[in-house]
Amino acid sequence: MFDKDLYFKHLNTVSFGKNIYIYDEVTSTNDILLNGDFPKNSVVVTSLQTKGRGRSGRVWIDEGKSLIFSILLSELSTNVLMPLNIIAGYSVCDGISLYAPAKLKWPNDCVINNKKVSGMLLEASFTGNNSSKIVFGAGINVYNEVFPDDIAHKATSVYLNTGSKVYKEIILAKILSSMEKMINDYVDNKLYIENLWQTYSAHLNKEISIHINGSKTNVIERGILPTGELIVEDINTNNIKNINLGEIGYDFNS
């Protein structure tokens with residue numbers, strides 16, 4: 001059950017999330033917006049999705065205890081997709097951090113105490129060479145108390161990290177309020193994602209392992225570029241290189 005009155009009480013936006021569509025069950029909130037006819041900045045929310053997608057083709061199937069939503073972001077140039085990915089991650093961290101301190105694992109997985117609490121996916125549809133729709137979707141473990149054996153060691157929920165009652169409506173309102181302001185500031189050249197990374201990053205200046213083209217490499221995370229690429233330092237050679245989405249095969253391991 002989603003309390004719209006509580007949601008709107010905490011929503012502080014001009015247009016993001018003013019049109020909200022709530023479903024008991026969907027295959028994918030991203031698909032609803034990509035395939036439907038909705039006003040820009042509309043949000044779709046569900047408690048249960050059966051064919052959700054994550055990055056790199058992963059499956060996100062929920063059993064009703066998560067906050068799952070997507071927002072339709074139109075009229076944005078495709079060259080800002082990577083920075084937009086980062087901004088969206090910042091915003092989700094802001095929402096979760098109302099209850100527990102969330103950090104970002106590049107490019108946009110939220111973690112609490114190095115355990116994943118949220119996954120995100122940015123998708124676009126195209127007409128010719130131009131994007132006709134950009135949709136950002138996220139799944140946040142809110143009330144989950146147990147997880148499948150294969151991910152139990154690396155997954156968590158907001159509920160498991162707070163001593164207070166959790167309201168997914170307030171989390172979503174904060175995410176959208178933060179996202180609208182950040183995107184507007186970014187478009188107006190008032191926000192620089194690389195400067196915020198030191199606040200949001202879970203692994204800045206720490207050793208991480210990355211998987212590129214099937215090969216695992218240990219590096220030290222050194223920040224991000226204005227384009228959203230990750231800056232890493234090879235621990236053996238001290239060489240600095242930049243990592244982009246196209247080069248990443250798997251998630252980072254802390």
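The values are calculated or read from the model by the stated rules, or taken from the named source; none is laboratory data. Computed from a predicted structure; not experimentally measured. Reconstructed Cβ throughout: ideal geometry from the backbone, glycine too, with neighbour counts over all protein chains shown. Areas reflect the complete protein model, heavy atoms only, side chains present, ligands, DNA and RNA absent. Shrake-Rupley method; radii C 1.70, N 1.55, O 1.52, S 1.80 Å.
List the residue ranges in the chain for DSSP H helices whose C-alpha atoms run 24 angstrom or more along the long axis and whose Kyte-Doolittle average is 0.0 or above.
168-187
Enumerate the lysines that Lys115 could reach by cross-link, defined here as Cα to Cα under 26 Å, with residues fewer than 8 away along the same chain left out.
Lys51, Lys65, Lys103, Lys105, Lys154, Lys165, Lys168, Lys174, Lys206, Lys216
Figure the gain on full extension for Asn238 and Thr50 (residue separation times 0.36 nm, minus the Cα-Cα span) and round it to one decimal in nm.
Length gained between Asn238 and Thr50: 63.2 nm.
With n ≥ 4 as the cut-off for DSSP H runs, can you work out [θ] at 222 nm for the chain, using -39500 (n - 2.57) per run divided by the number of residues, rounded to the nearest 500?
Result for the chain, helices only: -7000 deg cm²/dmol.
Summing Lys, Arg as +1 and Asp, Glu as -1, what charge do residues with Cβ under 11 Å from the Cβ of Lys9 carry, Lys9 excluded?
-2
At Asp5 and Lys65, where each label point lies 7 Å from the Cα along Cα→Cβ, what is the point-to-point distance in nanometres?
2.8 nm
Taking the chain as a Gaussian network, where each spring joins two C-alpha atoms under 10 Å apart, which residue of Glu221, Glu180, Glu75 fluctuates the most?
Glu75
Counting only protein heavy atoms and a 1.4 Å probe, tell me what percentage of the chain's accessible area is made up of carbon and sulfur.
Carbon plus sulfur share of accessible area: 47 percent.
Give, in nm to one decimal, the length gained when the segment between Tyr143 and Lys165 is fully stretched (0.36 nm per residue of separation minus the Cα-Cα distance).
Separation in residues times 0.36 nm, less the Cα-Cα distance, equals 7.0 nm.
Indicate, rounded to the nearest 5 percent, the antiparallel portion of the DSSP beta bridges found entirely in the chain.
Bridges in the chain that DSSP calls antiparallel: roughly 85 percent.
Between Glu75 and Asn12, what FRET efficiency follows from the Cβ-Cβ distance if R0 is 25 Å, with the result rounded to 0.05?
Taking R0 as 25 Å, the efficiency between Glu75 and Asn12 is 0.70.
What FRET efficiency comes out for Glu207 versus Asp150 if R0 is 30 angstrom and r is the Cβ-Cβ distance? Round to the nearest 0.05.
0.75
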